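K.L.:
Structure below; questions to follow.
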Amino acid sequence: MELLERTPYLEEMQVCLQRAIGGEGRLLLLGGEAGVGKTVLVEWFCHLSRRVARILIGACDPLSTPRPLGPFLDVASELGPNAERLFTEGVPPHQLFRGVLNALSNSSQPTILVIEDAHWADEATLDALRFLARRIQPLRCMIIVTYRDDEVGSRHPLRVLMGDIATGGAVRRMALPVLTEQGVARIAKGSLVDPVKLYRLTGGNPFYVTEVLAIREPGVPRSVRDAVLARASRLSDAARSVLDATAVAGTTIPLSLLEQIIDIQTEFIDECVESGILRMHEQALAFRHELGREAIADAVPPSQRAATHGRVLNALRSDPTTSREWAQLAHHVEAAGDHEAVITYAPAAADEASAQRAHRQSVAQYARALRCADSLPPKRHAELLGAFAYECYLTDQLAPGIDALQKALEIWQREGERAQEGASLRWLSRLYWIAGQNVQAKQAAADAIAVLEQLPPSCDLAMAYSNQAQLQMLARDMDRAIIWGGKAIALAEQIGDVETLIHALNNVGTATLLSGSEGGRPLLERSLHLAVAEELEDHAARAYTNLGSSYGEIYQFGRATSYLREGISYCLERDLDYLRTYMTAWLSLVYCYQGRWDDSLELATSVLKQSNVSTVNRIMALTALSRTRARRGDREMHQILEEALALALPTGDLQRIGPVRAARAEAAWLAGDLQGVIAEGRIGFELAQEYRHSWLVGEFGMWRWLAGDLDTVPENAADPFARQVHGDWQGAAEAWTRLGCPYEAAQARASSANPAVVRQALSDFLQLNARPAAAMTTRRLRELGVLEIPRGPRSATRANPAGLTSREVDVLTYMAEGQTNVDIAAHLYLSIKTVEHHASSIYQKLGVASRREAIRTARDLSLIPQDTGFSAPN
């Protein structure tokens, strides 16, 4: 067999394997459109590598709701008895993932682990891959993940995973292209098909090409589906029955299972295999291409298809090894039209998926059950609705979750189940708040308490109190947060409700700390320690988050950095990505204040690259990005600031709106827009005063003072801001220095009337590369009569003579190699629009108007190699 136009890719895979054999593990993401030959390439590579490594191959299921950890279940027995046992004991996901990692680490020989068709992967499988990708580097292991890149959009869970692990040193990406026209001509040589027409109609897709040629008739069918069905039409009736049953059963079906579905004889199986449609693999039949299976399955008459699903279901039920394969059973039972059985299997599949943290699959399974739930007893129906809503909450599918909870609430009210009514109201409050519906959230929270207080003390009532405390804390109404939190703590301790105690201690501790009292820290620390001891990972991560972000909010950046780093590490180990991302965004803002601007931009950008980042996380990252870029004098700030405000305003919360308004005020000040400073300052000042937030009161007061809109600041303004407004620039600068804020310290010095002090401020700004502030300070020195003014750092202290960022140099280097914007985006894991923005910035900094001029100028400045062998187009 000849492997056409794949040698470079095979060689790159062999390099990765050699690295892995030497103890530098690799994870290779192998993408390409359906039918491009990913599986063939992997099979060829594994065949060549079989003498130097053990080969493990698992595949993701193309079920409507795939089984959790499907590909890992395929290889569980080959991983070893310890790992296999973990899959049957139902251990928590992170322990299961750790067991797989240990099995790979402890292997006596290098391992090639293949995960095929990851575009169909369940969430638990993606979590496992994320876990392994971050830890594979020291192992003698190579993981190959194949996926259809034409089915992985910007919001696809696999695309999120690829973004999360993109910066990992062990991760490599490979995009397998279609065949060239010459390659297609080589395949078509000797046939009656016009190779030029064949290439044009198939686009060079190897599967399409081979399917068309296999018909062995003149001309080209109008679609691949027609080609597959035309090939199948040449089979005998008995062989076609085997093919149809195999297509309905799934991608791969053991012969032992197939025998229970249909009467088969070896000769008919052989006929299917010899036709090239099916292949035999370890006593199981499989389609060579999933597209072929789909084409055959769709062509089976509906009544025959339902009957076949029913026979598959009976066979799975009767086999002890598959009788608890809930996801497969639920898939086939729904297709067979057995609604009563759906109610049995779909919730079990949902519970299994949830236990493995495959929450989107759990949502789908509960939705499947709810489609058949009308005949259920009301209470069971409400329970399913509540379970569905909880999984929707975990997966950020708020609209269906709220709808389900409202329906469940109506049922509980009709049934007179007051405790369940109160619990549903409390959950509704939480989902309303996340959805930005604060009025409804507050009403539902109050209603939950009113209902539950009529009943004996309970965990639900304690959590309802804590939920109210959380709402008040998030709104920055600290007094009420502490009152409600105190009630939750008292009741939780009375009834022994540890989880609510942890939740409430967090709320009260955060409110106390943000009120300016260090007494909040012990409460948050206690919440953290209890959560860790009880293995309540989400609560522990939330404690780290609130410790870090609260200290950041009150400008205690040293402590904030410590907690945030520790929390990020904790979440990274357990793949708690939501709170890890939030803490990363907060750490980016902390780095901005600490003058670590490159680090700040890197972290903010890493958050914003994620396609499904939550609104709260995006607001924080945009705030950090805008403040850092404004201080450096970067262009294109308007869009960032507008998006941040558009996201923050609907929340109605000071902790979201305040920092965004402050960033907008600073950007306006640095741009010389005094009216903009006043407008943002007045709105932010009023909001900060309403909630007595001393640091925001101080900052907005300072901006208004600088713009001539305010003579003084209130007594509750934070000390460094108050000192600067009151003319104590030295005290302000010293305070900022103690807090580790070099930019703010320089800003305070710049307000001095002493030229020597202002010159020091200019020096500090230049050291930070704070171009707008340096320009403003230069003008102030001239106003003070200073003639000799220091210049900024030259090439010795800049990244390069043109002031290009390292990312812009990367883009420029690829330009010089003849790469298109699409190619560059793929190399650097950026969007095409981001590459276009970088190109525009490069042209502006180099003072050119085209790629050719940019490359020529960059070579003259020695920013890129002198000769890449490429003549740049204009």
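K.L.:
As a check on your grasp of the helix formula, calculate [θ] at 222 nm for the chain: sum -39500 (n - 2.57) over DSSP H runs of n ≥ 4, divide by the residue count, round to the nearest 500.
P.N.:
That comes out to -21000 deg cm²/dmol.
K.L.:
Using +1 on the beta carbon of Lys and Arg, -1 on that of Asp and Glu, and nothing else charged, what's the dipole of the chain about the Cα centre, debye to 20?
P.N.:
2520 debye
K.L.:
Using Cα centres only, tell me the gap between the stretch 239-279 and the stretch 367-422 in whole Å.
P.N.:
Between the Cα centres of the stretch 239-279 and the stretch 367-422 lies a distance of 42 Å.
K.L.:
Within the stretch 481-501, find all residues whose amide N lies under 15 Å from a label point positioned 7 Å from the Cα of D538 along Cα-to-beta-carbon.
P.N.:
In the stretch 481-501, the label zone of D538 (backbone N under 15 Å from the point 7 Å along Cα→Cβ) covers 499-501.
K.L.:
Using only the alpha-carbon atoms of the stretch 728-782, report the extent along each of the three principal axes, biggest first, to the nearest angstrom.
P.N.:
Between the extreme Cα coordinates on each principal axis of the stretch 728-782 lie 28, 23, 13 Å.
K.L.:
Sticking with this structure for a sec: Would you mind getting the accessible area per residue of the stretch 679-771, heavy atoms of the protein chains only, 1.4 Å probe, in Å²?
P.N.:
44 Å²
K.L.:
Using all C-alpha to C-alpha distances in the stretch 515-554, build P(r) with 5 Å bins and read off the rounded percent in each one.
P.N.:
6, 26, 32, 20, 11, 5, 0
K.L.:
Rounded, prolate or oblate: which fits the stretch 655-729 when a ≥ b ≥ c are the square roots of the eigenvalues of the alpha-carbon gyration tensor, with rounded for a/c under 1.5 and prolate only if a/b beats b/c?
P.N.:
oblate
K.L.:
Where in the stretch 123-167 does the amide nitrogen come within less than 15 Å of the point 7 Å from the Cα of S105, taken along Cα to Cβ?
P.N.:
Under 15 Å, as judged by backbone N against the label point of S105, lie 131-141 of the stretch 123-167.
K.L.:
Taking 0.36 nm per residue of separation and subtracting the Cα-Cα distance, what length does fully extending A175 through Q413 add?
P.N.:
Using 0.36 nm per residue and subtracting the Cα-Cα distance, I get 80.1 nm.
K.L.:
Between L649 and A166, what FRET efficiency follows from the Cβ-Cβ distance if R0 is 35 Å, with the result rounded to 0.05? Don't jump to the answer; show the numbers that get you there.
P.N.:
Numbers: r = 32 Å, r/R0 = 0.90.
Computed FRET efficiency for L649 and A166 comes out at 0.65.
K.L.:
With r defined as the distance between the Cβ atoms of R559 and E267 and R0 fixed at 56 Å, what FRET efficiency is calculated, to the nearest 0.05?
P.N.:
The formula returns an efficiency of 0.15 here.
K.L.:
Let me check I have the definition right: for the chain, take the eigenvalues of the Cα gyration tensor, multiply each by 5, take square roots. What are those semi-axes in whole Å, largest first? Each step should come with its number before you reach the end.
P.N.:
Values: eigenvalues 574, 311, 97 Å².
Equivalent-ellipsoid dimensions as semi-axes: 54, 39, 22 Å.
K.L.:
On a 0 to 90 degree scale, rounded to 10, what angle separates helix 302-318 from the longest Cα axis of the chain?
P.N.:
It is inclined by approximately 80 degrees.
K.L.:
Right, another one. Roughly speaking, what is the stretch gain from E836 to Q95, that is 0.36 nm per residue apart minus the C-alpha to C-alpha distance, in nm to one decimal?
P.N.:
Working: separation 741, 0.36 × 741 = 266.76 nm, distance 4.34 nm.
Length difference between fully extended and current span is 262.4 nm.
K.L.:
Rounded to the nearest 20 Debye, what is the dipole magnitude of the stretch 546-680 about its Cα centre when Lys and Arg each give +1 and Asp and Glu each give -1 at the C-beta?
P.N.:
With only Lys, Arg, Asp and Glu charged at Cβ, the dipole is about 120 debye.
K.L.:
Report the calculated FRET efficiency for E274 and V498 (r = Cβ-Cβ distance, R0 = 56 Å), to the nearest 0.05.
P.N.:
Efficiency, from the Cβ-Cβ distance: 0.30.
K.L.:
Now for a different question. Scan around R173 for amide H atoms under 5 Å from its own, H built in the peptide plane at 1.01 Å from N, and keep only partners 5 or more places away or cross-chain.
P.N.:
When sequence neighbours closer than 5 places are left aside, the close amide H contacts are L29.
K.L.:
While we're looking at this one, here's another question. What is the sum of charges, Lys and Arg at +1 and Asp and Glu at -1, for the other residues whose Cβ falls under 11 Å from the Cβ of G422?
P.N.:
Residues close to G422 contribute a combined charge of -3.
K.L.:
Quick one: length gained pulling S323 to E340 fully straight, 0.36 nm per residue minus the C-alpha distance?
P.N.:
The S323-E340 span can extend by a further 4.4 nm.
K.L.:
Can you work out ³J(HN,Hα) from phi for every residue in the stretch 233-246, in order, using Karplus 6.51 cos²θ - 1.76 cosθ + 1.60 and θ = phi - 60°, giving whole Hz and x for Gly and Pro?
P.N.:
Values, residue by residue: 5, 7, 6, 5, 4, 5, 5, 5, 5, 4, 5, 4, 5, 5 Hz.
K.L.:
Antiparallel DSSP bridges in the chain: what percent, to the nearest 5?
P.N.:
Taking every DSSP beta bridge within the chain, about 20 percent pair in antiparallel fashion.
K.L.:
In the stretch 1-159, if the dipole is taken from +1 on Lys/Arg beta carbons and -1 on Asp/Glu beta carbons about the Cα centre, which of L29, W44, A103 is farthest to the positive end?
P.N.:
Final value for the positive-end residue is A103.
K.L.:
Follow-up. Separation between the Q406 and S303 pseudo-spin-labels, each 7 Å from Cα along Cα→Cβ, expressed in nm?
P.N.:
4.2 nm
K.L.:
What number in nm² do you get for the stretch 565-719 if you take the convex hull of its Cα atoms and divide its surface by four? Walk me through the numbers on the way to the answer.
P.N.:
Working: hull surface 37.6 nm².
Mean projected area for the stretch 565-719: 9.4 nm², to one decimal.
K.L.:
Which log10 I(q)/I(0) values does the stretch 245-334 give at q = 0.11, 0.25 Å⁻¹ under the Debye formula, counting every alpha carbon as one identical point scatterer?
P.N.:
Once normalised to I(0) and log-transformed, intensities are -0.29, -1.44.
K.L.:
Using only Cα atoms, what is the ratio of the radius of gyration of the stretch 1-110 to 2.2 N^0.38 Å? Working shown, then result.
P.N.:
On the way: Rg = 15.7 Å, N = 110, 2.2 N^0.38 = 13.1 Å.
After normalising by residue count via 2.2 N^0.38 Å, the value is 1.20.
K.L.:
Tell me the carbon and sulfur percent of the accessible area for the stretch 555-670, rounded to whole percent, probe radius 1.4 Å.
P.N.:
C and S atoms contribute 50 percent here.
K.L.:
How many nm separate the modelled label positions at L229 and A399, each set 7 Å beyond the Cα in the direction of the Cβ?
P.N.:
Taking the two extended label points, one gets 3.5 nm.
K.L.:
Quick one: which of 654-666, 545-557, 249-261 comes out on top by average Cβ neighbours within 10 Å, and what's the full order, highest first?
P.N.:
On the way: 654-666: 24.5, 545-557: 22.9, 249-261: 18.2.
Highest to lowest by the protection proxy: 654-666, 545-557, 249-261.
K.L.:
Below 8 Å between Cα atoms, with a sequence gap of 6+, how large is the relative contact order for the stretch 462-576 in percent?
P.N.:
Computed value for the stretch 462-576: 18 percent relative contact order.
K.L.:
Using a probe radius of 1.4 Å on heavy atoms only, what accessible surface per residue do you get for the stretch 29-74? Whole Å² is fine. Provide the component values of the computation, followed by the final result.
P.N.:
Details: 1560 Å² over 46 residues.
The answer is 34 Å² per residue.
K.L.:
What accessible area per residue, rounded to a whole number of Å², is obtained for the stretch 299-392 using a probe radius of 1.4 Å?
P.N.:
That works out to 42 Å² for each residue.
K.L.:
Shifting gears a bit: Say each of S191 and D719 gets a label point 7 Å from the Cα, pointing the same way as Cα to Cβ; how far apart are those two points in nm?
P.N.:
In this crude label model, S191 to D719 measures out at 8.1 nm.
K.L.:
May I ask for the angle, rounded to the nearest 10°, between helix 38-49 and the longest principal axis of the chain, with both axes built from Cα atoms and the value confined to 0 to 90°?
P.N.:
That helix lies at roughly 80 degrees to the long axis.
The values are calculated or read from the model by the stated rules, or taken from the named source; none is laboratory data. Predicted model only: the values in this text are computed from it and were never measured. FYI the Cβ positions are ideal-geometry reconstructions off the backbone, even for glycines, and counts take in every protein chain you see. Keep in mind that these areas ignore ligands, DNA and RNA; they rest on the heavy atoms of the full protein, side chains included. Shrake-Rupley method; radii C 1.70, N 1.55, O 1.52, S 1.80 Å.
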